[in-house]
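Okay, structure first, notes after.
The values are calculated or read from the model by the stated rules, or taken from the named source; none is laboratory data. A quick note: this is a predicted structure, and the numbers were derived from the prediction, not measured. Here the Cβ positions follow ideal geometry from the backbone for every residue, glycine too, while neighbour counts run over all protein chains shown.
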Amino acid sequence: MEKLQQIQQTLSEIDGRVPAALRVALRIGYNFSPAPPDIATFAASLLPTPATDVVVATATTPDEELVNSAAAPPALSIRYGSCYLPLHDHDAHFGHAGAGVLAVADGVGAYARLGVDAGEFARGLMASALAAVEELGGATVSPYALLEAAYERTAATGAAGASTAVIVSLVGDSGFAVLRRGRIVCRSTPQQRSLNSPFRLSGRSGGDSDGVAVARTGEVAARDGDIVVVATDGLSDNVRDEQLERVVQMGTRLGFSAKNMADIVAGVAYEASRRTLRQSQCRLYRRV
C-alpha cells in the first residue's frame, strides 16, 4: 500500500501524467485543435481498427482461444505498480510481487453519512490479507482462502464500516481485467444484491455483511506479457473497455513500467470522471 505522501503527490500530479497523444485518442482534456501532426499521428494509431480487420482477427484468434489455449508456465512472475486517488479515502489495496497477489477493497461510502470512517474496514481487510500472504512465506495463495482469512481477522478487530473486495493470484463493484496483446480477454462481472448494491463484507452481523461464501471464484491461464488491471469502480464507472485497451496498447508500445501504467490508467479515469461531472452539472443547469 502506498504511503500518504505518495498518495497526495499522485493526486496533485495526475493530470500531467496522461500523455497528450492518449488525451487526443480518448478525447479527454486536450484543448488544442487541431493537434500537432506528430501527436495526431500517434493518437490515430491507438484508434480502433476498421471493422473488416476486426472480423478477420476474430475469426482466426477468438477470445476463447486466447484465454484457454495454453496453461501458465511455472516460471511466470508479476511486476506490480499501483496508483490511488483518495478523493474520499474509502479504498485500500496491496500488491505482493513475490507471491503474485493483487487486491483492492472499496469501502461502502454510505457509512460516512453516519459519522463512521467508511474506509476503516477496507483498510483493515487489505492489511490483514497482506499479513496473511507474508506469513505464508512464498507458498501458493488461494484468493478465496485469503479473503476468508482476512475477513475473519478484520471482523475480529471490531473495525467499523463495510467493504467490497477482489483478490487475484498468479497460479463486487471492485473488479479486474486481463489484457493480452492489448485486448481484454477476461473480465470479472459485477457481484451484487441488486443494482448499485454490491456484495460486501462487514464486521457487523445481519444485513450489512454477505459473508465470503457468496464470493465468485474462477481462473484464467496466464501468459508471459499479460497485463492484469485490478481496480475499484472508480475505474469501471468512468473508463470503457475499449478505452482501457487503448491505454494498455500505448503503454506497451512505449515500454511503460507497471507503476507508469497504473498512473496513466488512474489519470484517464480521473479525467473521465471530471468530464462526467461537468456534463452532469451542465445538464442540471439547463434543466434549471
- Answer with yes or no whether SER163 is modelled with pLDDT under 85, on the phi < 0 side of the Ramachandran plot, within 16 Å of the chain's Cα centre (by Cα) and buried (at least 23 other Cβ atoms within 10 Å of the Cβ). no
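Residue by residue, here is whether (1) within 15 Å of GLU219 (Cα to Cα); (2) of a type outside the set (Asp, Glu); (3) surrounded by 19 or more Cβ atoms within 10 Å (Cβ to Cβ); (4) touching a His at 6+ places or on another chain (Cβ under 9 Å) holds:
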site: GLY100; (1), (2), (3), (4): yes, yes, yes, no
site: ALA110; (1), (2), (3), (4): no, yes, no, no
site: PHE121; (1), (2), (3), (4): no, yes, yes, no
site: MET126; (1), (2), (3), (4): no, yes, yes, yes
- Selected residue [in contact with a helix residue (DSSP H, G or I) (Cβ under 6 Å, 6 or more places away or on another chain) and not hydroxyl-bearing (Ser, Thr, Tyr)] from ARG113, ARG79: ARG79
- Message: Please count how many residues of the range 219-263 are among the small types (Gly, Ala, Ser) and under 17 Å from the mean Cα position of the chain (by Cα).
- Response: 7
- Just for the range 240-288: of the residues that are hydrophobic (A, V, I, L, M, F, W, C) and part of a loop (DSSP other than H, G, I, E, B), which one is modelled with the lowest pLDDT? VAL288
- Message: Go through (1) charged (D, E, K, R); (2) modelled with pLDDT under 90; (3) within 17 Å of ALA92 (Cα to Cα) for ARG153 and report which single condition fails.
- Response: (2)
- Which residues, counting only those in the range 79-101, are out of contact with any Phe, Trp or Tyr (no Cβ under 7 Å at 6 or more places or on another chain), among the hydrophobic types (A, V, I, L, M, F, W, C) and modelled with pLDDT of 85 or more? CYS83, ALA92, PHE94, ALA99, VAL101
- Message: Consider the range 215-239. How many of its residues are in a helix (DSSP H, G or I) and touching a helix residue (DSSP H, G or I) at 6+ places or on another chain (Cβ under 8 Å)?
- Response: 2
- Query: Right, ALA139: part of a helix (DSSP H, G or I) and not charged (D, E, K, R) or not?
  - Reply: no
